[in-house]
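Notes for the one structure printed next.
The values are calculated or read from the model by the stated rules, or taken from the named source; none is laboratory data. Remember, predicted model here, so these are calculated numbers, not experimental data. Here the Cβ positions follow ideal geometry from the backbone for every residue, glycine too, while neighbour counts run over all protein chains shown.
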Amino acid sequence: MRKLFIAGNWKMNLLRSSSQALLAQLRSSLSDVANVDIAVCPPAVYLRDAAEALTGSNIGLGAQNVFSQAEGAYTGEISCGMLLDVGCRYVILGHSERRAIFGESDAMVNEKLHATLRSGLTPIVCIGETLEERESNRTLEVVSSQIRGSLAGLSNEQMEKTVLAYEPVWAIGTGKTATPGQAEEVHASIRSLLATMFSDAVSQKVIIQYGGSVKPDAVADLLMQPNIDGGLVGGASLKADLFSTIVQLASKIHK
């Protein structure tokens, strides 16, 4: 049985004092949750502070991005080794904002993915379609292409250690959320594709999160779907009460 996994992506938000206050609130309000994996992904400059604030807690630490090389003349980049050194367990790869704003291709995501897996970090690989692609009935085509490109060259064992996050781009930061049926259709398709690329046994072990304006009032219905295994939460992860509610709702769901 797959364990639900809720991760918060803070993006480029909060300052040191506000991030510390949020972590203290989350640590207190979520200390009794044992049946859901939890992570937060602050901006890189606050990762060390976050690691210290979360020491001994049930909340894992993740980064929002990483570079594929271990070291070298790559000004402004951060390596997997550096993330491990400051206490990270997870890293988000290929978020739609990285793809759209910074031009990251499937091939670039794939390079980062292989580096991440070699390092021992757990990757959260994002895929998802734009509004134009959905309205053109190309959702499954686009998602399939992103998965094949981003996951190229993985072994079965590596795939089992990789988390996927389906995030319809048209729902991110817009207040819109895919209906449980829409989200489940894509998640089921992703799992079916993984069975073809790897094996059915592998596909049944992979955690597939939903991301895209995840809010407390919608999360329960989403997580009740058979192929949705958690959430990659954006804006709601910046509010202790909202993120805690999402995790607590997830903890009440038994699949």
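Overview of values
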{"item": "Complete set of residues in segment 135-178 that are surrounded by 17 or more Cβ atoms within 10 Å (Cβ to Cβ), small (Gly, Ala, Ser) and modelled with pLDDT under 95", "result": "Ala171, Ala178"}
{"item": "Of all residues making up segment 186-199, the number that are touching a residue at least 24 places away in the same chain (Cβ under 8 Å) and in a helix (DSSP H, G or I)", "result": "9"}
{"item": "Boolean, Ala100 is of a type outside the set (Asp, Glu), surrounded by fewer than 20 Cβ atoms within 10 Å (Cβ to Cβ) and at pLDDT below 95", "result": "yes"}
{"item": "Qualifying residue in segment 55-62 (condition: touching a residue at least 40 places away in the same chain (Cβ under 8 Å), in contact with a strand residue (DSSP E or B) (Cβ under 6 Å, 6 or more places away or on another chain), closer than 21 Å to Phe102 by Cα and surrounded by 15 or more Cβ atoms within 10 Å (Cβ to Cβ))", "result": "yes"}
{"item": "Qualifying residue in segment 18-26 (condition: of a type outside the set (Ser, Thr, Tyr), part of a loop (DSSP other than H, G, I, E, B) and either surrounded by fewer than 21 Cβ atoms within 10 Å (Cβ to Cβ) or out of contact with any helix residue (DSSP H, G or I) (no Cβ under 8 Å at 6 or more places or on another chain) (or both))", "result": "no"}
{"item": "Pairs, first part of a loop (DSSP other than H, G, I, E, B) in segment 225-245, second β-branched (Val, Ile, Thr), C-beta under 6 Å, six or more apart", "result": "Asp229/Ile207; Asp229/Ile208"}
